[in-house]
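**Student:** My structure is below; once you've seen it, I'll send some questions.
The values are calculated or read from the model by the stated rules, or taken from the named source; none is laboratory data. Since the structure is predicted, the reported quantities are computational estimates derived from the model, not experimental observations. Cβ: placed from backbone, ideal geometry, glycine included. Neighbour counts: every protein chain shown.
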Protein chains: 2
Amino acid sequence: MVATADGARVDIIARDERATPRDGADKTVRAIADSTRAALDAAGLPLHEMLAVGLASPGPLDHRTGVVHFSPNIVGFDEVPLAAWLSDELDGATVFLDRDTAVAAIAERITGAARGVADFVYITVSTGLGGAIVSGGRMLRGVTNTAGELGHWPVALQMDVARKDSDELPRCGCGSYGCAESFAAGRNLAQAFGVSDAAEVYAAATRGDARAAALVERAERAVAALAVGITNALNPSLIVVGGSVAEKQRAHVIEPMRRAIRERAFAAPASAVQVVPAALGADVGMVGAVLVARERAAGEGEWFL
Amino acid sequence: MVATADGARVDIIARDERATPRDGADKTVRAIADSTRAALDAAGLPLHEMLAVGLASPGPLDHRTGVVHFSPNIVGFDEVPLAAWLSDELDGATVFLDRDTAVAAIAERITGAARGVADFVYITVSTGLGGAIVSGGRMLRGVTNTAGELGHWPVALQMDVARKDSDELPRCGCGSYGCAESFAAGRNLAQAFGVSDAAEVYAAATRGDARAAALVERAERAVAALAVGITNALNPSLIVVGGSVAEKQRAHVIEPMRRAIRERAFAAPASAVQVVPAALGADVGMVGAVLVARERAAGEGEWFL
């Protein structure tokens, strides 16, 4: 995808979409490079006129070193120096990597639902479940720059201590269990029901399928727990909820979060927080990556670096 | 308690301890004032020579306005302007209020286990379960200054959706359920076993009492979930664990946290974090309150304000 950015405005002038290869990180990096060249060709622009490449990837990753530590949903992303490899594939172009959810939060802050907001949490519920935390006007990065992985906050315990955890709680892609993602993310919900798309689970629940309804209710409880925890522990003024599942299933994602905050969080932070849908839709990652590349190439972006 | 503070050194020169009244906030404020005057008398100091009062209270509260919004474990603490009331009771003395866990984190940072650490989380497991988050060298305060209530992050879901949540999950003092505090704090653990002190639950579990062992294991799972969530979402270099339960039951609090991080958190943040016991023991709140009063009276303390 090629875009121009002017202030808060991003114009996508050429697109190129490809399926993510499932056979190794090097193939995935080459596919990204091929896609970049194809989009530049479509836009009629030579590679050397490109200011910089902005690249978003699921995490955890280090946006400063450009290394993806591990990505549960992409094959072979295990300590991959993604920014450096892609730069090599693109004749040494400047590449800025950041986590998909960080990039989305940056985009929502600069030009979306969180414009000008100093304390907000971005949550995405799509294939996976992730987030980013902005507090006091700065993105919370942590000591290895991997903070914000809110989907991997355990929100469930095995309550029957006689059984082993793995008997009852579904395994998460991260290797743990009890994670919000393991209940509420699209891929996990679909797998638990034995289908390929979470939309089928929601449709079956609506038709009255008891097993689907139970899975949907569990997913609602997981995002509700996350919303209450975020409100009590992080005390933001805004929770921006993006991602395809959240967008299509507002009644099952945003509404349970709002209800749980109202009913279960401490009154002071509960009355100060709003849960709103993301403003930028499916392009949020691309818009964010462009803004990140523009800001970082200019030596800006202190609040998110 | 009366103390002098010189740099990172705090010397307690007189103490006065009283049980917290259970019959209203005004009685509690008066007891604090009486205690302050008694300690000053014991130290042979007149009230007007006191630089400032540092006051720590369970939260959520607003350290800037000095108002306690609500405190699950203190009777009548419901939107109480604690700092102003105490100042009135002490002839207009300057009173600086902050949450007990924030004050403890400040003390551990200035003179305890987190000296010089920019990214750490303080957790206390005692009567209740609370915390404070320091990220990038600043305390995370949030939009109503109530951030850090980590004990009220839900870590359990009702897994059997046919039942109501309240049937299986114990109610938390905050009114919610599933909170880490509801499983792992001393008061909750004792109540669940029908005794007055959590030490009896641990002792019974050690003797082989199955019900006590199950409660202890559940408490371990709750602090384990919290530790994994903190590591993945906040990515600190240090988790400092204080509080009387944590201090007496390291094998049941700190060890399960360490094990869970090692086994279940993402590798990058897991390898970067250490879980250590608090350095300051039972006096941490007093030492912290003195340091807070000293810093705030001098117009300092930007990192925690």
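**Student:** So which residues in region A:9-39 are under 22 Å from A:E295 (Cα atoms) and loosely packed, with under 13 Cβ neighbours inside 10 Å, if there are any at all?
**Tutor:** A:R9, A:D11
**Student:** So how many residues does region A:246-285 have that are in a helix (DSSP H, G or I) and either surrounded by fewer than 21 Cβ atoms within 10 Å (Cβ to Cβ) or small (G, A, S) (or both)? Reasoning before the result, please.
**Tutor:** Looking only at region A:246-285, we keep the residues that are in a helix (DSSP H, G or I), and these are A:246-248, A:250-264, A:267-272, A:281-285.
Going one step further and asking which of them are either surrounded by fewer than 21 Cβ atoms within 10 Å (Cβ to Cβ) or small (G, A, S) (or both), we end up with A:246-248, A:250-251, A:255, A:258-260, A:262-263, A:267-268, A:270-272, A:281-283, A:285.
The number of residues fulfilling the criteria is 20.
**Student:** Checking the condition buried (at least 19 other Cβ atoms within 10 Å of the Cβ), within 14 Å of chain A (Cβ to nearest Cβ) and of a type outside the set (A, V, I, L, M), which residue from B:E295, B:E220 passes?
**Tutor:** Details: B:E295 fails: within 14 Å of chain A (Cβ to nearest Cβ).
Going through B:E295, B:E220 in turn, the sole match is B:E220.
**Student:** Being in contact (Cβ under 8 Å) with a residue 60 or more places away in the chain and either assigned to a loop (DSSP other than H, G, I, E, B) or under 27 Å from A:V68 (Cα atoms) (or both) narrows it down to one of A:A19, A:A3, A:A39, so name that one.
**Tutor:** Numbers: A:A19 fails: in contact (Cβ under 8 Å) with a residue 60 or more places away in the chain; A:A39 fails: in contact (Cβ under 8 Å) with a residue 60 or more places away in the chain.
Residue meeting the stated conditions: A:A3.
**Student:** Let me ask something else about it. For residues in region B:50-70 being in a strand (DSSP E or B) and small (G, A, S), which is farthest from the other protein chains (Cβ to nearest Cβ)?
**Tutor:** Of the residues in region B:50-70, the ones in a strand (DSSP E or B) are B:53-57, B:61-62, B:67-70.
If we keep only those that are small (G, A, S) too, we end up with B:54, B:56-57.
On the way: B:G54: 22, B:A56: 18, B:S57: 14 Å.
Across region B:50-70, the extreme among qualifying residues is B:G54.
**Student:** Can you tell me how many residues in region B:127-156 are more than 23 Å from B:N188 (Cα to Cα) and either touching a helix residue (DSSP H, G or I) at 6+ places or on another chain (Cβ under 8 Å) or not in a loop (DSSP other than H, G, I, E, B) (or both)?
**Tutor:** 10
**Student:** Does B:D78 satisfy the condition of being surrounded by fewer than 19 Cβ atoms within 10 Å (Cβ to Cβ) and touching a Phe, Trp or Tyr at 6+ places or on another chain (Cβ under 8 Å)?
**Tutor:** Values: surrounded by fewer than 19 Cβ atoms within 10 Å (Cβ to Cβ): yes; touching a Phe, Trp or Tyr at 6+ places or on another chain (Cβ under 8 Å): yes.
So B:D78 passes the test.
**Student:** Next question. Given the criteria among the polar types (S, T, N, Q), out of contact with any strand residue (DSSP E or B) (no Cβ under 8 Å at 6 or more places or on another chain) and free of Cβ contacts under 8 Å to residues at least 60 places away in the same chain, does A:S182 qualify? I'd like the intermediate steps shown before the answer.
**Tutor:** Numbers: among the polar types (S, T, N, Q): yes; out of contact with any strand residue (DSSP E or B) (no Cβ under 8 Å at 6 or more places or on another chain): no; free of Cβ contacts under 8 Å to residues at least 60 places away in the same chain: yes.
In short, no.
**Student:** If you go through region B:127-156, how many residues are within 14 Å of A:A270 (Cα to Cα) and free of Cβ contacts under 8 Å to residues at least 12 places away in the same chain?
**Tutor:** 2
**Student:** Look through region A:93-121, keep the residues that are within 14 Å of chain B (Cβ to nearest Cβ), touching a residue at least 12 places away in the same chain (Cβ under 8 Å) and not β-branched (V, I, T), and return whichever of them is nearest to A:D23 (Cα to Cα). Quick ask: steps written out before the conclusion?
**Tutor:** To start, the set of residues in region A:93-121 that are within 14 Å of chain B (Cβ to nearest Cβ) comprises A:99, A:101-102, A:105, A:114, A:116-121.
Filter again for touching a residue at least 12 places away in the same chain (Cβ under 8 Å), leaving A:99, A:101-102, A:105, A:114, A:117-121.
Adding the requirement that they be not β-branched (V, I, T) leaves A:99, A:102, A:105, A:114, A:118-120.
Working: A:R99: 21, A:A102: 26, A:A105: 30, A:A114: 37, A:A118: 41, A:D119: 40, A:F120: 37 Å.
Only one residue fits best here, namely A:R99.
**Student:** Would you mind telling me which numbered condition in (1) touching a strand residue (DSSP E or B) at 6+ places or on another chain (Cβ under 6 Å); (2) modelled with pLDDT under 95; (3) of a type outside the set (D, E, K, R) B:H48 fails?
**Tutor:** (1)
**Student:** Within region B:71-88, track down each residue that is in a helix (DSSP H, G or I) and hydrophobic (A, V, I, L, M, F, W, C). Write out each step before concluding.
**Tutor:** Within region B:71-88, the subset in a helix (DSSP H, G or I) is B:82-88.
Within region B:71-88, B:L82, B:A83, B:A84, B:W85, B:L86 qualify.
**Student:** Restricting the first residue to region A:232-246 and requiring it to be away from chain B (no Cβ under 12 Å), which pairs with a second residue that is surrounded by fewer than 24 Cβ atoms within 10 Å (Cβ to Cβ) and assigned to a helix (DSSP H, G or I) meet a Cβ separation below 6 Å and a spacing of at least six or different chains?
**Tutor:** Listed by first residue and then by second, the contacts come to A:V241/A:I254.
**Student:** A further question follows. How many of the residues making up region A:100-158 are out of contact with any strand residue (DSSP E or B) (no Cβ under 9 Å at 6 or more places or on another chain), among the small types (G, A, S) and surrounded by 24 or more Cβ atoms within 10 Å (Cβ to Cβ)?
**Tutor:** 1
**Student:** Okay, next question. Given the options A:L86, A:L169, A:L90, A:L82, name the one that is over 15 Å from the mean Cα position of the chain (by Cα), free of Cβ contacts under 8 Å to residues at least 60 places away in the same chain and under 23 Å from A:S182 (Cβ atoms).
**Tutor:** Values: A:L86 fails: under 23 Å from A:S182 (Cβ atoms); A:L90 fails: under 23 Å from A:S182 (Cβ atoms); A:L82 fails: under 23 Å from A:S182 (Cβ atoms).
Just a single option satisfies the conditions, and that option is A:L169.
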